[in-house]
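Input: a single structure, listed below in structure tokens.
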Amino acid sequence: AREPGAIVAAVERIADRLAEEREYLTELDSAIGDADHGTNVNRGFRAALEAVEETDDASAQDLVQTVGMTLVSEVGGAAGPLYGGSFMHASGELAEGITAESTVAFGEAFLEKVRDRGGAEVGAKTMVDALTPAVHTYKKSIEQDDLTPLAALAKAVDAAERGVDFTLPIRATKGRASYLGWRSVGHQDPGATSTLFILEEIHATAE
Ligand code: ADP
Ligand code: MG
Ligand code: MG
């Protein structure tokens, strides 16, 4: 079927992109964290790609569940469990397949899980700052503006990009960067940045 193929293709693009951006993400994390974010997400998505490539005959839901479980088991630190747990939780929304409606529900469930687990609101200088405007923009673009999922994804990517820029001037209040207090100001959040890269690759796969 087409849908599982699209999931594997998206995971492959994400894994390749995060491999390319590994040093950049780690450099961002060296300024306000412990210099491992690029290594973490690169290792996680590389393992996730291997896992989904080994899974024959799986549904979209099963593949996304596998991605989540692999991220949780392969990646320590904050981002692995946040990304992984959210993929696992949101995968259930794809039980009926990939549609405009189910992908809106997926985005909302994903964001809800990140917020539940991490306890970060918008403005805490985390991945939530990129994810929240992306999910809200995607939902509005589909439900109110009647855009296609592809056009809505493009808008979501733009919103995530503004979210990443928003992390630069603010002070971190969650995660490792919060230990720096005001010294975190002026640095871009690595997790918000990897969220943007993941969304860009999902958009590119859908194109
Ligand atoms: P660690 O900080 O444990 O080394 P990573 O470097 O892989 O983990 O990930 C850091 C990123 O995780 C941050 O840039 C931030 O975006 C995200 N993050 C950290 N804590 C939280 C949280 N409580 N809620 C949401 N995102 C968080
Ligand atoms: Mg780190
Ligand atoms: Mg770490």
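Which angle between 0 and 90 degrees, to the nearest 10, do you get for helix 100-118 versus the longest principal axis of the chain when only C-alpha atoms count?
The helix 100-118 is inclined about 30 degrees to the chain.
Does the range 60-112 come out rounded, prolate or oblate, given a ≥ b ≥ c as the square roots of the eigenvalues of its C-alpha gyration tensor, rounded meaning a/c under 1.5 and, failing that, prolate meaning a/b above b/c?
Details: a/c = 3.77, a/b = 1.78, b/c = 2.12.
Because a/c hits 1.5 or more and a/b fails to exceed b/c, the range 60-112 counts as oblate.
About its Cα centre, what dipole magnitude does the range 97-158 give when the only charges are +1 on Lys and Arg Cβ and -1 on Asp and Glu Cβ, stated in debye to the nearest 20?
In total the dipole reaches around 220 debye.
Would you mind computing, in nm to one decimal, how far apart the modelled labels at ARG162 and SER30 are, each placed 7 Å from Cα along Cα→Cβ?
Computed distance between label sites ARG162 and SER30 equals 3.3 nm.
Using the count of nearby Cβ atoms within 10 Å as a rough guide to exposure, how do LYS125, LYS113 rank from fewest to most?
LYS113, LYS125
Mind checking the full-extension length gain between THR55 and THR99? Use 0.36 nm per residue of separation minus the Cα-Cα distance, one decimal, nm.
13.6 nm
Counting only residues 5 or more places away or on other chains, whose amide H sits under 5 Å from the amide H of ALA172 once H atoms are built in the peptide plane?
Those qualifying (amide H under 5 Å, at least 5 residues apart or on another chain) are SER184, VAL185.
Net charge within 14 Å of ASP158 by Cβ-Cβ distance, Lys/Arg positive one each and Asp/Glu negative one each, not counting ASP158 itself?
Combined, the nearby Lys, Arg, Asp and Glu give -1.
Read-outs throughout are calculated quantities, based only on the coordinates presented, and are distinct from any laboratory measurement. All values derive from a computational prediction rather than experimental measurement. Virtual Cβ from ideal backbone geometry, glycine too; neighbours counted across all protein chains shown.
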